1. How big is the antiparallel share of DSSP beta bridges in the protein assembly as shown, given as a percent to the nearest 5?
2. Using every alpha carbon pair in chain B, what percent of pairs falls into each 20 Å bin from 0 up to the bin containing the largest distance?
3. Thinking of the stretch B:361-403 as a set of Cα atoms, what percent of all their pairs are more than 13 Å apart?
4. With each label point set 7 Å from Cα along the Cα-Cβ vector, what nm distance links B:I106 and B:E216?
5. Along its principal axes, what span do the Cα atoms of the stretch B:53-146 show, with the longest given first and each in whole Å?
6. So how strong a dipole does the protein assembly as shown carry about its Cα centre when Lys and Arg Cβ are +1 and Asp and Glu Cβ are -1, to the nearest 20 debye?
7. To the nearest 20 Debye, how big is the dipole of chain B about its Cα centre, given +1 on the beta carbon of each Lys and Arg and -1 on that of each Asp and Glu?
8. Hey, what number do you get for the protein assembly as shown at 222 nm if only DSSP H runs of n ≥ 4 count, each worth -39500 (n - 2.57), divided across all residues, to the nearest 500?
Amino acid sequence: MSNSKPIEEMAYEETFAELQAVVAALESEGRPLDESIALYERGQSLARHCASLLEKAELKVRQLNGEVLQEGA
Amino acid sequence: MNQIPLFDTPRLTVTEFTRRVRRLLEGDKALQDVWVQGEISNFSRPASGHLYFTLKDAGASLRCVMWKGDALRARGMPLHDGLSVEAHGKIGLYEPSGQYQLIVDILRPAGEGALYAEFMRLKAVLEAEGLFDPARKRPIPQFPRKIGIVTSPTGAALRDMLNVLSRRMPLADVLLAPSLVQGEEAPSALVAALQKLNTIYQPDVILLARGGGSIEDLWAFNDERVVRAVAGSVAPVITGVGHETDFTLVDFASDLRAPTPTAAAELATPITIDDLVFSLRASLERLDEIIGRKIYERRQGLNAVNTGLKFYSPERRLMTEQQRLDDATRRMSRGLGGRLALESARLDGWRDRLESLNPLAVLARGYAVVSRPQDGKVVLTAQQAPAGSNLNVRLAEGSLDVEVIDNS
């Protein structure tokens, strides 16, 4: 469940995917409580990051400019 | 086909005659599915919605009717006398006037026929090559992070698509590869833009779009080079060219055809930010629910163990002793209090009895005690107080000294 990247740098899709994995892992039985709580806290952080990504989301639009076009031509 | 009998001169009513001619005309397959080219004259569009006109060329004229339902499809076209058109339809005979006419179902400007023929030819070639094979079509990603757009940088189509994308999926990155979308140079520009996007940006999906226009305006999207570039695109391509009713060859080669640029942007974002918010909320609730249940279960277990532990612990005996002590103290103080109350009640009883025996108590109800001041004796009879003697009258409050005026 641990991820090498800090949460703040994760993209929405992977953050949410990990959140879902955390939920699934919590749902499976036979886990010590402290581990469950650590998982829960991880899940909370992931969810918070997701929420802030959604809040701040703004379509980023760029345009291929002349130089780039020439580069590929 | 009916043969006129040779051995007898037939005698027919006008209706029978007309009906025979009608059958003759309508029996000719070549006249049932035909394109006729000519110039419109005597055009009229009465309230019924049907169109009536005559097609003519230098040598002949042909009456035509177009029924309302078919006429609706031609409404984008400005129809007027002198317009050169191609009309598709079948022969018909209007019995009341005995006139044959072309019943038109498709009307298009002259010249489109050649374009259409080229369209069909190229479509057949590319289809035979397997370029339009449904098996070649790739699924559109549910959650594209990088969206490439090939369209005119100044058109309304781009504005519409960006509006839809920023409303539905503002998490996405968009890269516009601007291109000409009509004219001689458009096909090569479109091909170059598609290739640039694929090599430089590697988008998850590409939108190839253009707003509505005439068939000539959209023609670049029927160009073989463009069609091949779409079929060869690394990223799946959604086409949104023209309006709902416009079909171009890129639509057949693309992975998904949208009726308009706006619809293309919608199809490129099957999952919207609202969906994300919803499922995030659901995950969060699930997370709380699970951890809440786990903690509850643990606490229940803990309580059970605790109960067992307490049963055997010295603390419990201590508490039992404590309780017994409390109990005794309570009983003791209850006993003491009871005795005090009893004494108090008894005292009250005596006090009441004493009060009832107070001889002066009756004075409060209006009686008075009369006595002789000289010896203090209570006067019980009139004889004891002769006229002129003084008496003392004791009232509930204070007393009076009075003189007997009469004694009878």
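Here, each number is a calculation from the coordinates, and none is a lab measurement. Quantities reported herein were computed from a predicted structural model and do not represent experimental measurements. Every residue, glycine as well, gets a Cβ built from its backbone with ideal geometry; the counts of neighbours run over all protein chains shown.
1. Counting only bridges with both partners in the protein assembly as shown, antiparallel ones make up about 60 percent.
2. 16, 22, 16, 9, 8, 9, 11, 8, 1, 0
3. For the stretch B:361-403, the fraction of Cα-Cα distances above 13 Å is 52 percent.
4. 2.0 nm
5. The Cα atoms of the stretch B:53-146 stretch 65, 28, 26 Å along their principal axes.
6. Details: 57 positive and 64 negative charges, 336 e Å.
Computed about the Cα centre, the dipole is about 1620 debye.
7. Numbers: 50 positive and 50 negative charges, 371 e Å.
My answer is approximately 1780 debye.
8. -14500 deg cm²/dmol
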